[in-house]
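Some notes on the structure that comes next.
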Amino acid sequence: MKDLLSQIAIWQQQGKKLALARVIKTWGSSPRPVGSSMIITEDMEMAGSVSGGCVEGAVLKATKSISNPHDGLNLQFGISNDEAWTVGLSCGGKLDVYLQNLNDDELFATLLEKLNHNESCVLVTDLSEHKSTNILFSPDGKVIIKDGEITISDNLFKTVTEAYKHRKNELLTEGEHNFFIQNFPRKSQLLIIGAAHITSALVKLADIYDFESVVIDPRGIFAQNTSFEIEPDQLIEEYPSEVLSKFDLDAQTYAVILSHDPKIDDDALHALLPSDVAYIGALGSKKNQAKRAARLQEAGFTEEQINKIEGPIGLNIGASGAKEIALSIMASIIKTKNGVS
């Protein structure tokens, strides 16, 4: 839904009533994954997609049947046959869509505020017909806001926290209630140590692939004179060890070491290696990597920690030049992000 924020803001400023359609379950070769979203206005304008064009028309028509402020409706789509599948999907898959009204919805406004401020949250929706009830949780399972009476069982709490931990959207059945649990994690964070010749191209790719970019370089002459086609989200002129503790060094953080200065590179690695960051890559030849490993070993880091560093950095695509090297680095980061070994 993050990619719809600007359009949602425009429609809200125009005072338009909105409905939200989300994919909550798929089978087979469904064209869109669970969690895919579409926003629909009272004028039948739409943004986003739940199927890439196969069922959007049917979802638009169904919007007319949810007239009350908190109406909800379960829709099923799949291969046309005699078993009540309403729309045929050319890919042969099946999907369930939940459609709900968002009129005067304080919870939805809170969700949008969290997304606009790049704050993580988890939305739990009771998929009951005619009455859409929701809870917005923080990643640690604390209730931020809820718009109805839902009993938060130990099982629901555990499922919410586990779903966030593993970045999964999933269904949970408890008694007569079916819940859809949807994750809205903050943007992945890309820490770039060193305003080097590759940094500008990497910041541009970070913007394209929806990473929050942070460039750290204590050398003012590099930080101030690097030409950025797209400005990083943050540009910090301090040593990494002075500022890295202020960032979430977790599984949504990716670090790239580019300064070519051991005083800066090693300063960053001393903070990053003991952390839970998902990826650490360091620029340099195999010879330089061996020297770096020896320094880190002498500083007391274990072989397991040192092996967390990808060096030479990036996916091997035969890269030459700053733009291609940046592309190889981003490819390696996305490979890690998507869990490809």
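The values are calculated or read from the model by the stated rules, or taken from the named source; none is laboratory data. All figures in this text were calculated on a predicted structure; none of them were measured in a lab. All Cβ positions, glycine included, derive from the backbone under ideal geometry; neighbour counts span all protein chains shown.
Quick notes on this one:
- When the residues of segment 147-187 are filtered to those that are of a type in the set (Ser, Thr, Tyr) and farther than 25 Å from residue 130 by Cβ, the one that is surrounded by the fewest Cβ atoms within 10 Å (Cβ to Cβ) is 161.
- The one condition in (1) farther than 16 Å from residue 257 by Cβ; (2) surrounded by 12 or more Cβ atoms within 10 Å (Cβ to Cβ); (3) of a type in the set (Val, Ile, Thr) that residue 340 fails to fulfil: (2)
- Scope segment 129-144; condition surrounded by 15 or more Cβ atoms within 10 Å (Cβ to Cβ) and part of a strand (DSSP E or B); matching residues: 133, 134, 135, 136, 137, 144
- Taking residues in segment 108-120 that are in contact (Cβ under 8 Å) with a residue 60 or more places away in the chain, and partners anywhere that are among the small types (Gly, Ala, Ser) and buried (at least 18 other Cβ atoms within 10 Å of the Cβ), the pairs with Cβ atoms closer than 8 Å and at least 6 places apart or on different chains are 114/120.
- Exactly one residue out of 261, 265 is surrounded by 21 or more Cβ atoms within 10 Å (Cβ to Cβ), touching a Lys or Arg at 6+ places or on another chain (Cβ under 8 Å) and acidic (Asp, Glu): that is 265.
- Residues in segment 184-229 that are in a strand (DSSP E or B) and of a type outside the set (Asp, Glu): 184, 188, 189, 190, 191, 192, 193, 211, 213, 214, 215, 216.
- Candidate set from segment 245-287 (those that are aromatic (Phe, Trp, Tyr) and in a strand (DSSP E or B)); member that is farthest from residue 297 (Cα to Cα): 254
- Test: residue in segment 161-183 that is part of a strand (DSSP E or B), touching a strand residue (DSSP E or B) at 6+ places or on another chain (Cβ under 7 Å), of a type in the set (Phe, Trp, Tyr) and assigned by TED's automatic domain parsing to the domain that holds residue 108: yes
- For segment 222-240, taking the residues that are within 20 Å of residue 260 (Cβ to Cβ) and exposed (fewer than 15 other Cβ atoms within 10 Å of the Cβ), the one that is modelled with the highest pLDDT is identified as 238.
- Selection within segment 160-173: residues that are at pLDDT 90 or above and in contact with a Ser or Thr (Cβ under 9 Å, 6 or more places away or on another chain). The member of this set that is nearest to residue 20 (Cα to Cα) is 170.
- Of all residues in segment 143-199 being aromatic (Phe, Trp, Tyr) and in contact (Cβ under 8 Å) with a residue 40 or more places away in the chain, the one that is farthest from residue 264 (Cα to Cα): 179
- Set 126, 105, 154: member being within 20 Å of residue 65 (Cα to Cα) and at pLDDT 90 or above: 126
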